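Colleague: Can you read through this structure? Questions will come right after.
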Amino acid sequence: MRRRHFLNAVGAGLLLPVGRGAWAVSAPAAGPANKKLIVVMLRGAVDGLNVVAPVGDENYLRLRPTIGLAAPGMEGGALDLDGYFGLHPALASLQPLWAARKLAFVHASGSPDATRSHFDAQDYMESATPGRKNTPDGWMNRLVAALPGPRSPSRLLGIGPVLPRILSGQAAAVNLPNVAAAARADLLDRPAVKAAFDELYANHPRFGRAYADGRAAHREVMDALEEGQMSREMQAADRGAPLPNGFPDDAARLAGLMRNDPKIQLAFVALGGWDTHANQGAATGQLANRLAPLGQGLAILADRLGPLFDDTVVVVMSEFGRTARENGNGGTDHGHGNVMWVMGGKVRGGKVYGDWEGVGDAKLNEGRDLPVLTDFRSVLAQISEEHLMLGDKRLEQVFPAMPQKRPGFRIVAA
C-alpha cells in the first residue's frame, strides 16, 4: 500500500497519537500518575451570571428584569449556595456535590485578554497564552509532556469531532469523535486489512512508530469500552434508562474508560450551544435546557468514576462571560469575566471563590461586563501544582508568562 492509502485509513477511523514533532519524547521521572484531570469547555460563552447568580446583590435584577433568577425559595428561584450566590435551578443535580463540599466555583474569573471574539478567546484559553496567536501547542499537551510517570498513547484523551487546539502539540494524544463512535470497529480491525498494514508499516522508518502507537491506543480504548459494557450489564438494576441528551451518556462512558484504562490521565470534552443572544430565559428556557444535561452529566461522571473521583479534578470553563445587562432580545451579548467550576474528591468545595466586587455599575468592566479578577491560568496552575504535583519549573513550561499574582485561596488539597 502507498502512503496515501495509509492516510485514507486514518481518516476512516484509525486512532493515531497526534504530534507536531518527533515521536521519541523522553518520559518524565516517575511520579503520582494516578491523579486525573478532566476539562470541560463550554464553547460559545456560557452566562456565568445566571449559572452562579449574585441574587443577594440589589443590582442583579435591575440589570436583568426578565432573565434574572428569583431569590431562593421563590417560584423559579435560584438554589441557595451561601446566602448571596444562588445556583441555577437547572443544575439541581449538582446540589449533592456542593453539600458534600466536592464542588466549588471561582467567580469573576477568565482570560485577561479583552477580545470578544469567540475564535480568539477560545484559542487563548486553549493555548493558555492570552494575546498571543502564534503559540504552537495547547496547554494540556504541554501538561501531559511535563507530568511524571510512564508514557502512553492514551494518556491524553479528547472527545469531539476534531482534535482540539488544547490537545495539539508534540506529545501524543488520542481524539475520539465521540465515545459511542469509538466503540465501533474501524477499518483496521478487519483481519486482512490489519495484516496488510502490519506488514507495510512494521519497520517503516518514518511511520512505523506512529502506526504502532495508534493501534495500541485504539486497542486500549476498545478494551476499556468492552469492559465498561460488561460493567453496565452488571448494573442492570438502574434499568439502563438513557438520559435525553448526549453529554450524560458521554460522561458515563468517559468514566468507564478512565476506570478501565488507568493510563488515561487527562481528558477534554467540548460542548457547544452557549451563545444566548436571544431568548435566553431565566429558570426555564434556552439556557436552562443546556444546563440541565450538563449538570446531569457532571453528576453522573462523579458517580461513575467511583473511588477514582477522589483522585480526579474536573474543571468547567468558557472563553468569556456575557453582559451583565440583558439585551432587547431577552438574551445577553459577549462579555468578559465568567465563572469557573471545579469539582473533585480533593476540592475544597462548598464555596464561591474569587475577588468578587458585585455588579454595581461602577464595578463593571467598561460599564457592561463582569471584570476578570482571577486569571484562569492561576487556577489551572494551582490545580497542576497541588493536585498533579508539578514543580515551579514544569509549571513555567505549561503556563509560560504566568501572572505574578496568585489567587488568595487554595481550591484543591494536595
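The values are calculated or read from the model by the stated rules, or taken from the named source; none is laboratory data. Only a predicted model underlies this, so the values are computations on that prediction, with no experimental measurement involved. Neighbour counts run over all protein chains shown; Cβ positions are idealised from the backbone, glycine included. Side chains are part of the model used for accessible areas, which takes the heavy atoms of the whole protein and leaves out ligands, DNA and RNA. Shrake-Rupley method; radii C 1.70, N 1.55, O 1.52, S 1.80 Å.
Colleague: Under 27 Å Cα-Cα from Lys263, which lysines qualify once same-chain neighbours fewer than 8 residues away are excluded?
Modeller: Cross-link targets: Lys35, Lys36, Lys102, Lys194, Lys346, Lys393.
Colleague: Continuing with this model, one more query. In cubic angstrom, how much convex hull volume per residue do the alpha carbon atoms of the stretch 234-383 span?
Modeller: 137 Å³
Colleague: Separate question: Hey, can you grab everything whose amide H is under 5 Å from the amide H of Ser111? Only 5+ residues off in sequence or another chain; H modelled, so Pro and N-termini drop out.
Modeller: Placed amide hydrogens put Phe376 under 5 Å from Ser111.
Colleague: Shifting gears a bit: From the phi angles alone, apply the Karplus equation (6.51, -1.76, 1.60; θ = phi - 60°) to the stretch 320-329 and give each ³J(HN,Hα) in whole Hz, x where the residue is Gly or Pro.
Modeller: In residue order, the calculated couplings are 6, x, 10, 4, 5, 8, 5, 9, x, 9 Hz.
Colleague: For Asp369, enumerate residues with amide H under 5 Å from its amide H, sequence gap 5+ or separate chain, H modeled in the peptide plane.
Modeller: Ala324
Colleague: Compute and list, largest first, the equivalent-ellipsoid semi-axes of the stretch 294-377 from the alpha carbon gyration tensor, each √(5λ) rounded to a whole angstrom.
Modeller: 31, 16, 9
Colleague: Here's a follow-up. Send over a whole-number figure in Å² for the accessible area per residue of the stretch 287-400, probe 1.4 Å.
Modeller: Per residue, the stretch 287-400 has an accessible area of 33 Å².
Colleague: Something else now. Could you give the length gained by full extension between Arg406 and Asp355, i.e. 0.36 nm per residue of separation minus their alpha carbon distance, to one decimal place?
Modeller: 17.2 nm
Colleague: Leu308 versus Asp392, label points 7 Å from Cα toward the beta carbon: distance in nm?
Modeller: Distance between the two pseudo-spin positions: 3.5 nm.
Colleague: Further question: In terms of modelled amide H atoms, which long-range or inter-chain residues lie less than 5 Å from the amide H of Ser318?
Modeller: Under 5 Å from the amide H of Ser318: Leu42.
Colleague: Give the share of C-alpha pairs in each 5 angstrom bin for the stretch 36-185, from 0 to the last occupied bin, in whole percents, shortest bins first.
Modeller: Here the calculated profile for the stretch 36-185 is 2, 8, 14, 15, 14, 15, 14, 10, 6, 3, 1, 0.
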